[in-house]
1. Please tell me if SER234 is closer than 19 Å to VAL206 by Cβ and touching a strand residue (DSSP E or B) at 6+ places or on another chain (Cβ under 7 Å).
2. Which numbered condition in (1) more than 30 Å from GLY24 (Cα to Cα); (2) within 19 Å of the chain's Cα centre (by Cα) is the only one that GLY137 fails?
3. Specify the residue that is farthest from the ligand (Cβ to nearest atom); the eligible residues are those in segment 210-236 that are outside any loop (DSSP other than H, G, I, E, B) and closer than 28 Å to ALA348 by Cα.
4. Spot the failing condition for GLN314; the list is (1) surrounded by 21 or more Cβ atoms within 10 Å (Cβ to Cβ); (2) without any contact (Cβ under 8 Å) to a residue 24 or more places away in the chain, and only one is missed.
5. Kindly list, by first and then second residue, each pair from a residue in segment 145-165 that is surrounded by 12 or more Cβ atoms within 10 Å (Cβ to Cβ) to a residue that is among the polar types (S, T, N, Q) and in a loop (DSSP other than H, G, I, E, B), limited to pairs with Cβ atoms under 6 Å and residues at least 6 apart or on different chains.
6. Any residue in segment 28-52 that's within 17 Å of PRO189 (Cβ to Cβ): show its pairings with residues that are in a helix (DSSP H, G or I) and of a type in the set (Gly, Ala, Ser) at Cβ separation under 7 Å, as long as the two are six or more apart or on different chains.
7. Return the total of residues in segment 123-157 being within 16 Å of the ligand (Cβ to nearest atom), over 30 Å from ASP306 (Cα atoms) and of a type in the set (Val, Ile, Thr).
8. Which of the strands (runs of 3 or more DSSP E) contained wholly in segment 1-119 include at least 1 residues that are of a type in the set (Asp, Glu), under 30 Å from VAL284 (Cα atoms) and out of contact with any Lys or Arg (no Cβ under 6 Å at 6 or more places or on another chain)?
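Derivation of every value follows stated rules applied to the coordinates shown; laboratory data play no part. Since we're looking at a predicted model, the values are computed, not measured. Backbone-built Cβ (ideal geometry, glycine too); neighbour counts: all protein chains shown.
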Amino acid sequence: AAPGKPLPPYVAWKDPNAMIVHTGSTLETRRSAFGTSIITPSEQLYIRNNLPAPDASIVADRDGWEISVEGVKHPRTLTVKELKTLGLETMATVLQCSGNGRGYFPSKPSGTAWQVGAAGCVVWSGVPVRVVMEALGGMVDGAVYMTSTGGEKLPDGIDPKSVMVERSVPRSAMADALLAWEMNGVPIPLAHGGPLRLIVPGYSGVNNIKYIRRLAFTAEQTDAAIQRTGYRISPPGQKGDPSQPSVWEMSVKSWINSPAPESGPVPGGLVQIKGVAFGGIHAVQGVEVSIDGGKTWQTAKFVGPDLGRYAWRQFVLPVKLSAGTHTLACRATDAKGNRQPEERMENAAGYNNTSWRDHALTIHVV
Ligand code: MSS
């Protein structure tokens, strides 16, 4: 792997060979670094920060971290220690930035030109939001959204609404949501949202609020810019506004991790085509692979355990490849029968790219 920019200090513990450092707040996993054991190790998981990460002192006393729960009959502040007494659930989810795949938009939207690596499959442990809500007497009448606020200290002298990380999702998203304190078997690293993170399974990255300090059931969506105008599916050339769809539920997607052009020429003969597939909000049902640029398709086999509806599955298809140039592609189908489209959905900010054609790979077999 070619050495890129150095790792920023707050994520100096990441594997430098696994990461593409775009900026100090945007790092993605190299396609060739994705392993074949389903879970993305923390050292290889992508990073996306809309604001600089808080000071490491916030993870000095994890159990003492406080979250204010509002929009319930008995609103109050709870510590992580108290949350731990309320319940426990563990689940695997695909954490994927809304802009993953933006790098394949020919229109070059502003924002990080992610390829496939602004995503990972992560195991979280925490308490279901539903359990917390019920313990506090249930939702207030008229609540339509679940609105969550990140724990960053906001810069002085600017309108907090213009920078704060605060997102609203439909309250139905609460059904499987988690207030998580553990990730891949260890306390959540600060960079990934420790001491406490909201996990909204099936929803794109931005809705999974790190270092969450407030969770509220609200009648309206927040008017923070990141919700009002940001992260909207806007027609090309247009600005975001609240009438446009917000980036919420993720759609079915897959990509090939190996063989990849970045790993050099592929020896001819028997080749195992490997990748990952997930359904987003629904479970993934199957995945097909093409070795002729999408003219013909063969069904790939899922390998490894099924970690549930919100996790990804690895797939493999053994093929014989002869010397020459081959274009490999894959397309997944979810449990509702939705199939990954050939074309991307054009939008101004380059969100939700699930196009199988954009994700196809041209490899050289020798
Ligand atoms: N949270 C907070 N608090 N802050 C910030 O900045 N970001 C977002 C999420 N959350 C933030 C939050 C985003 S945007 C994303 S993707 C994610 O997160 C990431 O994660 P990680 O852990 O990987 O870093 Mo796009 O849609």
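1. Answer is no for this residue.
2. (2)
3. ARG228
4. That leaves (2) as the condition not met.
5. What qualifies is TYR145/GLN221; THR147/THR222; VAL165/ASN50.
6. Within 7 Å, the pairs are GLN44/ALA33; ILE47/ALA191; ARG48/GLY205.
7. 2
8. Because the criterion is at least 1 residues that are of a type in the set (Asp, Glu), under 30 Å from VAL284 (Cα atoms) and out of contact with any Lys or Arg (no Cβ under 6 Å at 6 or more places or on another chain), the strands (runs of 3 or more DSSP E) in segment 1-119 that meet it are 26-29, 89-96.
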